[in-house]
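Here the structure comes first, spelled out in structure tokens, and everything after it is commentary.
The values are calculated or read from the model by the stated rules, or taken from the named source; none is laboratory data. Small disclaimer: the values here were computed from a predicted structure and weren't measured. No Cβ is skipped: glycine too gets one built from the backbone with ideal geometry, and neighbour counts run over all protein chains shown. We work out accessible area using only protein heavy atoms, side chains counted, and drop any ligands, DNA or RNA first. Shrake-Rupley method; radii C 1.70, N 1.55, O 1.52, S 1.80 Å.
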Amino acid sequence: MGEPPPSAASADSAPSPAPAKKRRSVRAVRGNDAADTAASRPLAEIPADVVEPLLPHLEMVAEEMVREIKVLVPEYARPVESAYGQRMQWAVTQTVREFVEAFGHDELTWSSVTDIFAGIGAYEARKGHSLDNLQTAIRVSGQVACRRFIEETQRLDWSLQTLGQITESLFVFLEKIAGAAARGFAEAQEVLATERERFRWRLRDLLVVEPPASREAIVELARSARWETPRTLAVIAVRPPTGHTPPVLPPAVLADWHGPVPFLIVPDPDGPGQDRLISSLVRDCSAAVGPTVPITRGALSLRWATHALKLIERGVLPAKEPARCLDHLPTLVAAMSSELIDVAIRTRLAPLMELPRHRREPLARTLLTYMECHDNAVAAAERLLVHEQTVRYRIRRLEEMFGDALDDPDRRVELLLLLHTWIRVRSPEETAADTAESA
């Protein structure tokens, strides 16, 4: 629960220096001044001579508070001999002493104890706890204090007015330390969120760096970023429309929305429901999903996703759904080898390239479709929306032009690649124009 005095704190649990106070609004300052004034009035009216008889019992009262806290808040039930138990006992004792020694004073002197509870709140945030246990501990301490003050009223024959003044001051005191704990908790959470975000940015960049980072380096940074290391990942290259507002992302997804080519990193993209997730993440955007790779090969996935995105923007690949690279492998490979393929087209498809435009395009499309349909003229006709006799006529014409090449297995693979590039990646007119320019 509590933070120790600096001399007793370990490196991990020592209270950090109090964060710089943010400038408060005039309303907040006036509100706090009013609260301090309201608290000072009954506090100052408590007879100062009530303090002396209480001092010998403060440590015993603090021990009683700690015992009850441990019963009602099991998370704080640590052995007294442990470092945690000692920190807790110290914090409660200091708090009790701070409150009692303020009796009879005109000005509040609670800054040191509020600093203690701000530190405790920050400690709880750093450990990933909620404030519920700490707030319960504060309430339990207040109940024990009320009970003991009632007993002291009977033992020392205090007036009911004195008891009322003490009780009223106690409520204000408890509210102040609870508020200090909440403030420390919130400030620490803000710092932690900023630090975690910085770690996530560094991790995101490390996952796509070239040459690849080691798995050990990625796992270590992922631990600091609180990112569960997946077995595989895929990178999605994205082109958001103008004015696009990035969506709220699941914690597992890392993103760079502001680079030259924005991208997302999705862990284990082939798992159940991941297609729906990816579609929702890039809604209204052009997007290409790189191949699924081990976590050390993110640069490869990003590189191919970027190539695919360029083809989407050129209209070569469909833009309706996120395009998965492995679903468009021939197109991507052909596009990446365009220089060599252009040279091959000019020589290997020369009989077609020499024809006028209105003749070469139907023949090229027919040959590609016929070969894709395993030389089935009926199926090719259905895909081309022409009569099957038209397909057969064109194929006979192509056989005259290419001779035995259409029956050679090696040449068929080559023809499929060249025709696919010519028809699907580049238009025949574009290729023909390039050929004319280079002639």
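Work out the FRET efficiency for Arg283 and Arg202 from their Cβ-Cβ distance, taking R0 = 35 Å, and round it to the nearest 0.05. All intermediate terms of the calculation are to be shown ahead of the outcome.
Working: r = 28 Å, r/R0 = 0.79.
FRET efficiency, Arg283 to Arg202: 0.80.
Given the -39500 (n - 2.57) contribution per DSSP H run of 4+ residues, what per-residue ellipticity at 222 nm results for the chain, rounded to the nearest 500 deg cm²/dmol? List each step's numbers first, then the result.
Working: 18 runs with 266 residues, N = 439.
That comes out to -20000 deg cm²/dmol.
Test of understanding: what is the full-extension gain from Lys320 to Ile150, defined as 0.36 nm times their sequence separation minus their Cα-Cα distance?
Gain on extension, Lys320 to Ile150, equals 53.7 nm.
Quick one: if the Förster radius is 30 Å, what FRET efficiency do Trp257 and His129 give, using the C-beta to C-beta distance and rounding to 0.05?
Numbers: r = 32 Å, r/R0 = 1.07.
Taking R0 as 30 Å, the efficiency between Trp257 and His129 is 0.40.
Would you work out the charge dipole size for the chain about its Cα centre, treating the Cβ of every Lys and Arg as +1 and the Cβ of every Asp and Glu as -1, and quote it to the nearest 20 debye? Walk me through the intermediate numbers first.
Details: 53 positive and 61 negative charges, 281 e Å.
Computed charge dipole of the chain: roughly 1340 debye.
Quote the FRET efficiency, to the nearest 0.05, computed for Arg357 versus Val191 with a Förster distance R0 of 60 Å and r equal to the Cβ-Cβ distance. Don't skip to the end; give the middle numbers.
Details: r = 67 Å, r/R0 = 1.11.
With a Förster radius of 60 Å, E is 0.35.
What relative contact order, as a whole-number percentage, does the chain give when Cα pairs under 8 Å and 6 or more residues apart are counted?
11 percent
Carbon and sulfur atoms: what percent of the 1.4 Å accessible area of the range 178-236 do they account for? Let's see the in-between values first.
Details: 1730 of 3320 Å².
In the range 178-236, the share of accessible area belonging to carbon and sulfur is 52 percent.
Solvent-accessible area per residue for the chain at a 1.4 Å probe radius, Å²?
On the way: 23670 Å² over 439 residues.
With all protein chains present, the chain gives 54 Å² per residue.
Which one of Leu385, Gly119, Ser337 has its Cα pushed farthest toward the positive end of the charge dipole of the chain, where Lys and Arg give +1 and Asp and Glu give -1 at the Cβ?
Of the candidates, Leu385 comes out farthest on the positive side.
Report P(r) for the range 144-283: all Cα-Cα distances, bin width 10 Å, range 0 to the bin holding the largest distance, values in whole percent.
9, 27, 20, 11, 9, 11, 10, 4, 0
Among the helices of the chain (complete DSSP H runs), which have Cα atoms covering no less than 24 Å along the helix axis and a Kyte-Doolittle mean of at least -1.0?
Numbers: long enough: 26-45 (29 Å, -0.40); 83-101 (27 Å, -0.51); 132-156 (35 Å, -0.45); 160-207 (69 Å, 0.01).
Within the chain the helices that satisfy the rule are 26-45, 83-101, 132-156, 160-207.
For His57 and His387 in the same chain, what is the full-extension length gain: residue separation times 0.36 nm, less their Cα-Cα distance, in nm? Don't skip to the answer; put the middle values down first.
Details: separation 330, 0.36 × 330 = 118.80 nm, distance 10.53 nm.
So the extension gain works out to 108.3 nm.
Taking a quarter of the surface of the Cα convex hull of the range 311-370, what do you get in nm²? Can you show the working numbers first?
Values: hull surface 21.2 nm².
Averaged projected hull area, Cα only: 5.3 nm².
How much length is gained if the chain between Leu340 and Ser159 is pulled fully straight, taking 0.36 nm per residue apart and subtracting their Cα-Cα distance, in nm to one decimal? Numbers along the way, then the final one.
Numbers: separation 181, 0.36 × 181 = 65.16 nm, distance 10.13 nm.
Between Leu340 and Ser159, full extension yields 55.0 nm more.
With volume of the Cα convex hull per residue in Å³ as the read-out, I listed [x] 216; [y] 130; [z] 141; which label goes with the value calculated from this structure?
Matching entry in [x] 216; [y] 130; [z] 141: [x].
So, with a 1.4 angstrom probe, what is the percent of accessible area on the range 47-99 that is carbon and sulfur? Numbers along the way, then the final one.
Details: 1610 of 2750 Å².
After summing per-atom areas, the C and S share lands at 58 percent.
Can you give me the C-alpha center-to-center distance between the range 155-177 and the range 204-259, rounded to a whole angstrom?
Between the Cα centres of the range 155-177 and the range 204-259 lies a distance of 56 Å.
With loop defined by DSSP as not H, G, I, E or B, and exposure as at most 16 other Cβ atoms within 10 Å, which is the longest segment of the chain clear of exposed trypsin sites (Lys or Arg not before Pro)?
On the way: sites that count: Lys21, Lys22, Arg23, Arg24, Lys127, Arg226, Arg231, Arg283, Arg314, Lys320.
Answer - 321-439.
Can you find, among Leu317, Trp304, Ala288, the residue farthest towards the positive end of the dipole of the range 278-326? Put +1 on the C-beta of Lys and Arg, -1 on that of Asp and Glu.
Ranked along the dipole, the leading option is Trp304.
With a 1.4 Å probe and all protein chains left in place, how much of the accessible area of the range 317-362 comes from carbon and sulfur atoms, in whole percent?
Details: 1580 of 2810 Å².
After summing per-atom areas, the C and S share lands at 56 percent.
Using amide H atoms built in the peptide plane, which far-off residues or other-chain residues are under 5 Å from Arg324 H to H?
Val289
Quick one: 3J(HN,Hα) in Hz for the range 237-254, Karplus 6.51/-1.76/1.60 with θ = phi - 60°, rounded, Gly and Pro as x.
Once θ is set to phi - 60°, the couplings for the range 237-254 become 7, 10, 10, x, x, 4, x, 5, 9, x, x, 6, 9, x, x, 6, 9, 9 Hz.
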